[in-house]
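One structure is given below, encoded as C-alpha cells.
The values are calculated or read from the model by the stated rules, or taken from the named source; none is laboratory data. On a predicted model such as this, the values are computed, not experimentally measured, just so you know. Using ideal geometry, Cβ is built from the backbone for each residue, glycine included, and neighbour counts are taken over all protein chains shown.
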Amino acid sequence: MSTNITFHPGVFLERLLSRNKIPRFIGSVDTQERVGLLKQTGVTIWLTGLSASGKSTIACALEQHLLHLHKFTYRLDGDNVRLGLNKDLGFDEKSRVENIRRIGEVSKLFADSACIAITAFISPYKADRQVARELHEKGGLGFIEVFVDAPLSVVEQRDPKGLYKAARAGTIKDFTGISAPYEAPEKPDIHIRTDECDVTRAVEVIIEYLTEHNYIS
Ligand code: ADP
C-alpha cells in the first residue's frame, strides 16, 4: 500500500520550535533517554503455551508484582486484544497469524515506550513467535519467550472453561493441542512447568530473569 505518511514522533513539537515558542534544545525523546528517565528498560515478556497452561494467571500475578515494585507494565491478553484491536479477526489460520502479528507490533510499541509488556496468548506457531522476536530485535528491544508448559493431560483436567471437553466432543474445531498443532519452543528464554511449580515461583523466576538481564533493578 503506498502512502504519503512519514513517521515522525514530534510533529507538534517541531511546529512550536519553528515558531520559536519553545527553546531549541527541546526535541523528541528517543528510547535511550526514555529508559534513563524512567529507570527501566522496555521489554516484551511473551508467554506461550497450551490453553489452561497458566499464561493468564501468571501474567496477572506478574503484572501485579511489577506494579507493586512501581514498574511501568501492561498486560495484553485475549480480552483487551480480541475484543478491540483484533475484533475483526476469526480463528482460521490466516486470522491467527494476523492476530499474533498485530500483538507483536503492539507489544513492540509498548516495549519502545520503556514499558514491560506482558503478552499471554497461545501463539502456537514457532514462525509467528519468531516474527514477533525479530520485530523487537530489529528495533533494539528485548524479547523474552516464556514457555508456560504443562502436559496435555494436566491442562485437560484443569479445563477451567470447558474448552477441551468441547474440543474432544468436536463442538470446537481446530483447538490447539487437540485438533490443531502446538509447536513448543525448543529454546525458550524461560521454561516454566506449571504442573511442578506454583504461580508465586513462576513470578519469582521471571523477576529474577528481568533483574539478571538489567531490565529492572
Ligand atoms: P491460560 O491463560 O494458559 O489459558 P489460565 O491462567 O486461564 O490459562 O488458567 C490456568 C488454570 O490453571 C487456572 O485455573 C489456574 O488457577 C490453574 N493453575 C494451577 N496451577 C497453576 C500454576 N502453577 N500456574 C498457573 N496456573 C495454574
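Output the residues belonging to segment 141-175 that are within 12 Å of the ligand (Cβ to nearest atom), of a type in the set (Val, Ile, Thr) and more than 30 Å from residue 34 (Cα to Cα).
Result: 148, 154, 155.
Which of the residues spanning segment 93-111 are modelled with pLDDT under 95, buried (at least 19 other Cβ atoms within 10 Å of the Cβ) and of a type in the set (D, E, K, R)?
Selection gives 96 alone.
Going through segment 143-185 one residue at a time, which ones are assigned to a loop (DSSP other than H, G, I, E, B) and touching a residue at least 40 places away in the same chain (Cβ under 8 Å)? Working first, answer last.
We begin by selecting, within segment 143-185, every residue assigned to a loop (DSSP other than H, G, I, E, B); these are 150-151, 159-162, 169-175, 177-179, 181-185.
Once the filter is applied, which keeps residues that are assigned to a loop (DSSP other than H, G, I, E, B) and touching a residue at least 40 places away in the same chain (Cβ under 8 Å), segment 143-185 yields 150, 151, 159, 160, 161, 174, 175, 177, 181, 182, 183, 185.
Name the helices (runs of 4 or more DSSP H) wholly inside segment 1-88 in which the number of residues that are modelled with pLDDT of 90 or more and surrounded by 16 or more Cβ atoms within 10 Å (Cβ to Cβ) is 1 or more.
On the way: elements: 11-18, 31-38, 55-68.
Fully inside segment 1-88 and qualifying: 55-68.
Report the residue count in segment 114-140 for those that are within 16 Å of the ligand (Cβ to nearest atom) and either part of a loop (DSSP other than H, G, I, E, B) or at pLDDT below 95 (or both).
Final tally of qualifying residues: 4.
Sort out which residues of segment 61-80 are more than 13 Å from the ligand (Cβ to nearest atom) and without any contact (Cβ under 8 Å) to a residue 40 or more places away in the chain, and write them in order of number.
If the condition is that a residue be more than 13 Å from the ligand (Cβ to nearest atom) and without any contact (Cβ under 8 Å) to a residue 40 or more places away in the chain, then 64, 67, 68, 70, 80 are the ones that fit.
Which residues, taken from segment 190-217, are buried (at least 17 other Cβ atoms within 10 Å of the Cβ), within 8 Å of the ligand (Cβ to nearest atom) and part of a helix (DSSP H, G or I)?
Selection gives 202 alone.
What pairs come out if I take residues in segment 109-131 that are touching a residue at least 24 places away in the same chain (Cβ under 8 Å) and pair them with residues that are aliphatic (A, V, I, L, M) and assigned to a loop (DSSP other than H, G, I, E, B) whose C-beta lies under 7 Å away, six or more apart or interchain?
111/141; 112/141; 122/50
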